[in-house]
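Working notes for the structure below.
The values are calculated or read from the model by the stated rules, or taken from the named source; none is laboratory data. Keep in mind it's a predicted model, so treat the numbers as computed, not measured. Here the Cβ positions follow ideal geometry from the backbone for every residue, glycine too, while neighbour counts run over all protein chains shown. The area values use the complete protein model at the heavy-atom level, side chains included, leaving out ligands, DNA and RNA. Shrake-Rupley method; radii C 1.70, N 1.55, O 1.52, S 1.80 Å.
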Number of protein chains: 2
Amino acid sequence: MKARILITLKTGVLDPQGKAIQKALGSLNFDGIDGVRQGKVIEIDLAETNEVAARKQVSDMCDKLLANTVIENYDIELIPSAA
Amino acid sequence: MKARILITLKTGVLDPQGKAIQKALGSLNFDGIDGVRQGKVIEIDLAETNEVAARKQVSDMCDKLLANTVIENYDIELIPSAA
């Protein structure tokens with residue numbers, strides 16, 4: 001099973017990388033951009049095949065290592081392996 | 001309209017950040033991890049409301065600035081604003 005974890009900064013946390021991208025897009029003449037936020041995506045190939053167990057395992061990984069839960073949110077998507 | 005862009009390294013491109021995460025998870029006693037890849041997620045708030053035009057605009061942004069298409073793939077999801 002594959003897990004895709006989206007880690008994004010919480011609303012209200014300053015995102016200088018996002019601001020830099022927004023400015024760069026503006027200077028390339030892209031208009032109508034109201035905001036840009038940058039985050040991380042982590043894709044993990046898991047041996048676990050049970051969906052509930054896999055979600056629990058990935059959630060533990062996020063809490064212990066992958067995300068800083070003080071300033072970041074994470075969102076887990078599980079993608080079953082092609083049979 | 002909101003656009004979410006997932007930028008990931010192409011298959012075969014070395015991903016040292018992913019390897020570092022995999023090793024760190026291993027040392028925290030998470031088992032059954034066959035591979036880890038890290039990428040970026042960029043969320044853009046667009047003034048554009050037409051889906052076709054928005055996708056074209058975001059695709060141009062990726063080609064010109066956001067992704068290095070030699071080594072990275074990008075994937076665009078459009079999320080209509082809540083009415």
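Taking the listed residues B:T69, B:T49, B:T11, the one that is among the hydroxyl-bearing types (S, T, Y) and either at pLDDT 95 or above or in contact with a helix residue (DSSP H, G or I) (Cβ under 9 Å, 6 or more places away or on another chain) (or both) is B:T69, with no other qualifying.
Do you know which residues across region A:17-39 are within 10 Å of B:E43 (Cβ to Cβ) and among the polar types (S, T, N, Q)? Across region A:17-39, the qualifying residue is only A:Q38. Can you tell me which residue in region A:32-56 is nearest to A:G18 (Cα to Cα), limited to those that are out of contact with any Leu (no Cβ under 8 Å at 6 or more places or on another chain) and loosely packed, with under 14 Cβ neighbours inside 10 Å? Going through the qualifying residues, I end up with A:G35.
If you go through region B:30-45 and keep only what is of a type in the set (D, E), touching a Lys or Arg at 6+ places or on another chain (Cβ under 8 Å) and without any contact (Cβ under 8 Å) to a residue 24 or more places away in the chain, you end up with nothing. In region A:70-79, is there at least one residue being crowded, with 21+ Cβ neighbours inside 10 Å, within 30 Å of B:Q57 (Cβ to Cβ), of a type outside the set (S, T, Y) and under 12 Å from the mean Cα position of the chain (by Cα)? Checked region A:70-79: no residue is crowded, with 21+ Cβ neighbours inside 10 Å, within 30 Å of B:Q57 (Cβ to Cβ), of a type outside the set (S, T, Y) and under 12 Å from the mean Cα position of the chain (by Cα). The selection criterion, being more than 19 Å from B:M61 (Cα to Cα), more than 7 Å from chain B (Cβ to nearest Cβ), in contact with a strand residue (DSSP E or B) (Cβ under 8 Å, 6 or more places away or on another chain) and surrounded by fewer than 13 Cβ atoms within 10 Å (Cβ to Cβ), does not hold for A:S59.
Annotation note: of B:L25, B:L9, B:L66, B:L46, the sole residue that is within 30 Å of A:A53 (Cβ to Cβ) and facing another protein chain (nearest Cβ under 8 Å) is B:L25.
Just one of (1) within 10 Å of chain B (Cβ to nearest Cβ); (2) of a type in the set (G, A, S); (3) open to solvent by 40 Å² or more (accessible area, probe 1.4 Å) fails for A:G18. It is (3). Of all residues in region A:41-58, none satisfies being in contact with a Phe, Trp or Tyr (Cβ under 7 Å, 6 or more places away or on another chain) and among the hydrophobic types (A, V, I, L, M, F, W, C). For B:G32, the conditions (1) in contact with a strand residue (DSSP E or B) (Cβ under 7 Å, 6 or more places away or on another chain); (2) within 8 Å of another protein chain (Cβ to nearest Cβ); (3) on the phi < 0 side of the Ramachandran plot are fulfilled apart from (3). Of the residues A:E72, A:E43, A:E48, the single one that is among the acidic types (D, E) and closer than 24 Å to B:K10 by Cα is A:E43.
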